[in-house]
Every structure is written in C-alpha cells, then in structure tokens.
Amino acid sequence: MALSNRRKRLMLVVLGGVACGMVGLSFAAVPLYDLFCNVTGFGGTTQTADAAPAAVGKRVMAVRFNSDVANDVPWHFKPSQREVELRVGEVKLAFYTATNESKNTILGSAVFNVTPPKAGIYFSKIDCFCFEEQVLRPGESAELPVTFFVDPEIVNDRDMDDVTTITLSYTFFNQGEEALENYLGEQAQLASRDIGGVTKQN
C-alpha cells in the first residue's frame, strides 16, 4: 500500500513537471516562431535590409500590391500602383494611400505578408510602414511608402525558378480606443515639451 502511494505521488510530480514544461513552451512558442519566420521567410514573412545589394541581376520579377482592412477599420486603403517590374537587386519605391472615411479618429497598424510564401526569404524591405502606428482623423488621408528589393540570390534557388510574380499584401487593424488615447497623450506630451523648449530658448 505504501509503495502504491509513493508511485501515485511520483506520478503526480512527473505530470506536474510535464504540465509546467508545456506552459513554458507555449509562452516561448510565439517569439521562437517569429524568429523562425524572420530567418526562413516561412509563411510569407519578408526580410529587412539597411541598404541595397551591391549588384543588380538580369532576372526580371513582377511585384504586385494588395491591400485590406479589418472589419472595424473604416478606411479606404489601396496601393497607388497595382504592379511594378524590377530586376533582382534593384530597389523600388511604392506607395499605399489610406483615407479615414468615418467620423471617428482611428489608430491603425498594418501587418504584411508575401505570396507565394516561399518567396518571403528573398523579398527584402529597406523601409516600410508596417507595424508603425498610423492615426487618421475623420476625412484625413496618408501616403504610406515602402522601399524594397528582391534578393539576387533568388536566381540560385532552383525551387524559385517558377516564381515570376511576388504579391505584397498589407492589412490594417484597429488598435482600439485605449491605444489611441495613450498615443494621443504621448503626442501631446511631446508637443508640450517642444513648445517649452522653444519658449526657454526665446
């Protein structure tokens, strides 16, 4: 009987350890998954770069632009151009425009991906409005730039031989009233500091 109780206690300890381990892994899964996507381009995750490649290749690619908004974002959001052609390694600048068609001020933030997903590792952005907070007041519009290139290394990947067009997609999401209030409060504080600094200088 004593042996059975010890086994039960041991089993409870083991199961408790497994449960704790699973919880720990679940918290680590999101950042680890994000890191995996950023490194591999998995799921259409693009790359980032500080500068253009040293050389421009001969292969020509087409980049198409797509736009979308969440149901609670009453914005007219669209690319200024539907498609551009570029050689691999060539830097291009494209624009999206967003207009708030509602009577409310909205704080939005855009996420992105590319298709086909396997092309993500070769699509690099030098500058992008993704994940930046964008505030649009009623009737206000904004022009949103993205600077990008297709990595010349794509020509050495035989799995990419069938890819002639890459689609870059952005979707805007509403960050909510609390985030908007915090953002406007921070902007007001910055503005007051700037005014104070000017006043002191005068």
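Structure data summary
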| item | result |
| --- | --- |
| Using θ = phi - 60° and Karplus 6.51 cos²θ - 1.76 cosθ + 1.60, couplings along the stretch 145-151 (whole Hz; Gly, Pro as x) | x, 9, 10, 8, 7, 9, 4 |
| Summed residue charge, Cβ within 11 Å of Val114's Cβ, Lys/Arg positive, Asp/Glu negative | +3 |
| Percent RCO, i.e. relative contact order, over the stretch 73-163, from Cα pairs under 8 Å lying at least 6 residues apart | 36 percent |
| Column: log10 I(q)/I(0), Debye, Cα scatterers of the stretch 98-165, q = 0.12, 0.13, 0.17, 0.18 Å⁻¹ | -0.47, -0.52, -0.71, -0.75 |
| Sulfur and carbon atoms: percent of accessible area, the stretch 119-176 [1.4 Å] | 44 percent |
| Paramagnetic label zone (point 7 Å from Cα along Cα-to-C-beta, Asp162; backbone N under 17 Å) in the stretch 79-119 | 115-119 |
| Charge context of Ser67, other residues only, Cβ under 12 angstrom, K/R +1, D/E -1 | +2 |
| Long-range HN-HN contacts of Asn113 with modeled amide H, under 5 Å | Ser169 |
| Approximate spin-label separation Ala70-Val91, in nm, with each point projected 7 Å along Cα-to-Cβ | 3.3 nm |
| Gained length - Ser192 relative to Cys130, 0.36 nm times residue gap less alpha-carbon distance | 19.5 nm |
| Heavy-atom accessible area per residue - the stretch 108-202, 1.4 Å, Å² | 56 Å² |
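The values are calculated or read from the model by the stated rules, or taken from the named source; none is laboratory data. All figures in this text were calculated on a predicted structure; none of them were measured in a lab. Positions of Cβ are generated from backbone atoms using ideal geometry, with glycine treated the same way; all protein chains shown enter the neighbour counts. Heads up: the accessible areas ignore ligands, DNA and RNA and are worked out on the full protein's heavy atoms, side chains in. Shrake-Rupley method; radii C 1.70, N 1.55, O 1.52, S 1.80 Å.
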